[in-house]
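Read through the structure below, which is laid out as structure tokens, and then see the notes.
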Amino acid sequence: MALPFSQTEFFGVFAAYNEAVWPAQLVLYALAVGAVVAAARPGRRRGVAVSGILAFFWTWMAVVYHWLHFSDVNPAARVFGGFFLIQAALFVWTGVARARLAFERPGGWRGVVGALLIAYALAVYPLIGLTVGHPARELPAMGVPCPTTILTLGLLFWARRPFPRSLLAIPVVWSAIGGTAAFALGVPQDLGLLAAGLLALTLLRRGRGTNALENG
């Protein structure tokens, strides 16, 4: 399926976005690091804080990225923004208003996978972009959909069970949509987004077998 924009237009969106919001990127990275630190340690208030930060990120992406910038080259961005706002509302309702999301870095495979996804989103993702030659002004980084979705999924690997599986739906779907940029638009770092979405499907499993793995 042909995209409604070119590769040049796509990276032009990032250039315009980065110029318009600078130096907000520094604040967004600080919030991301704060969410990770809070999620690594138990505490009800920390769960509310992490949920609030994630809700802010998904609202930011809906309004500032999709509606104010990406919609200039892709009409579907208006729809994407609507779904991103739904994701933000889910975090507010579940994690802030009802305080049903608690985080703690678990032992076993979930702790490792979550840590790897978080590290990829915060550090590896932008480094790959620079390595393949994307100028810093066109670089997608924390606060735009793909790396922020990876961060979100990484943190959900640290969420205590049970938590509403509806929180996974939009990030997993976006991992499939946004991950196509790895091939169609020359964004190799988005291969990590595809991997994150596939890994997140394991969180949808139920049963004793899954619980045993989590304790291993």
If amide H atoms are built 1.01 Å from N in the plane of the peptide, which residues on other chains or at least 5 residues away come under 5 Å of the amide H of Phe103?
Gly43, Gly47, Arg160
Net +/- balance of residues flanking Gln25 in space, Cβ distance below 15 Å, scoring K and R +1, D and E -1
-1
Once label points are set 7 Å from the Cα along Cα→Cβ at both Leu201 and Asp72, what is their separation, rounded to one decimal in nm?
3.6 nm
Relative contact order (%) - the chain, alpha-carbon pairs under 8 angstrom, separation at least six
23 percent
Relative contact order (percent, whole number), the stretch 72-151, Cα cutoff 8 Å, 6+ residue spacing:
22 percent
Let a ≥ b ≥ c be the square roots of the eigenvalues of the Cα gyration tensor of the stretch 1-123; is it rounded (a/c under 1.5), or, if not, prolate (a/b larger than b/c) or oblate?
prolate
When the helices in the chain are scored as -39500 (n - 2.57) per DSSP H run of 4 or longer and the sum is shared across all residues, what 222 nm value do you end up with, to the nearest 500 deg cm²/dmol?
-18500 deg cm²/dmol
Where a ≥ b ≥ c are the square roots of the eigenvalues of the C-alpha gyration tensor, would you call the stretch 58-216 rounded, which needs a/c under 1.5, or, failing that, prolate if a/b is larger than b/c, or oblate?
oblate
By the C-alpha gyration tensor axes a ≥ b ≥ c (rounded if a/c is under 1.5, else prolate when a/b exceeds b/c, else oblate), the shape of the stretch 71-143 is oblate
Expected unfolding gain across Ala119-Glu104 under the 0.36 nm per residue rule, minus the alpha-carbon gap, is 3.8 nm
Compute, for the chain, the length of the dipole vector about the Cα centre, with Cβ point charges of +1 (Lys, Arg) and -1 (Asp, Glu) only. Units Debye, rounded to 20.
1280 debye
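All of the numbers you see were taken from the coordinates with simple rules; none came from a lab. Since the model is a prediction, treat every value here as computed from it, not as a measurement. All Cβ positions, even for glycine, are placed from backbone atoms using ideal geometry, and neighbour counts span all protein chains on display.
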